[in-house]
Amino acid sequence: MPEQDLIGGLIETYRVLNNTVRTIPESQLRSAPAETPAVRDIMRRFRDDELRFSQALKERITGVPMPDIFSSDELPTLGTETDHDTTAMLIAQFGTARESTLAMLRDLSETEWDAPVDDGTSIRTRVIELLDNDKRQLSRISTLLPAR
């Protein structure tokens, strides 16, 4: 998949969050049927995944191996997040991390996009995995929004 398509997909995720989730009252985003995470909970994980990805990309570009971020339960820290953050704040934090990711990706050459990392995958492959994660999280969120 071409770099511009990948970057466009990453941008589109943030656009969807802003146009759909941000418009819902916070009380609805915090409630969910039993045994189901609330939209806010999914958004918190979404933000955390993006923070981990952005940090891993930065480390990869500077020469540190890029870990498999989607199997880690280690939580990234902005230093500003709290359990009281609204969903809108989580979306804003996600957006800040996503913009950092995009800025780093835009500066990569095609060779850097396709160079294998220590585990044999490329940044391109990791970005495709990130987009797949975006789709999964957006799908989870969208299944909860119509019930509101």
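A compact table of results
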quantity	calculated
Using θ = phi - 60° and Karplus 6.51 cos²θ - 1.76 cosθ + 1.60, couplings along the stretch 39-56 (whole Hz; Gly, Pro as x)	4, 4, 5, 5, 5, 4, 5, 4, 4, 4, 4, 5, 4, 5, 4, 4, 5, 5
Theoretical gain in end-to-end length, ALA92 to GLN28 [0.36 nm per residue, Cα-Cα removed]	21.2 nm
3J(HN,Hα) from dihedral phi, the stretch 92-106, Karplus parametrisation 6.51/-1.76/1.60, rounded to Hz, x for glycine, proline	5, 5, 4, x, 5, 5, 5, 5, 4, 4, 4, 4, 5, 5, 5
Added length on full extension, which subtracts the Cα-Cα distance from 0.36 nm per residue, GLU99 to GLU35	19.7 nm
Computed label-point distance, nm, for sites SER109 and SER139 using a 7 Å Cα→Cβ extension	3.7 nm
The stretch 1-29 residues near the modelled THR121 label - backbone nitrogen below 17 Å, point 7 Å along Cα→Cβ	1, 6-7, 10
Long-range amide H partners of SER122 with built H, under 5 Å	VAL117
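Any read-out appearing in this document is the output of simple, stated calculations on the displayed coordinates, not a laboratory observation. The shown structure was predicted, so the numbers you read here are calculated from the model rather than taken from an experiment. Here the Cβ is made from the backbone with ideal geometry for all residues, glycine too, and neighbour counts use every protein chain on show.
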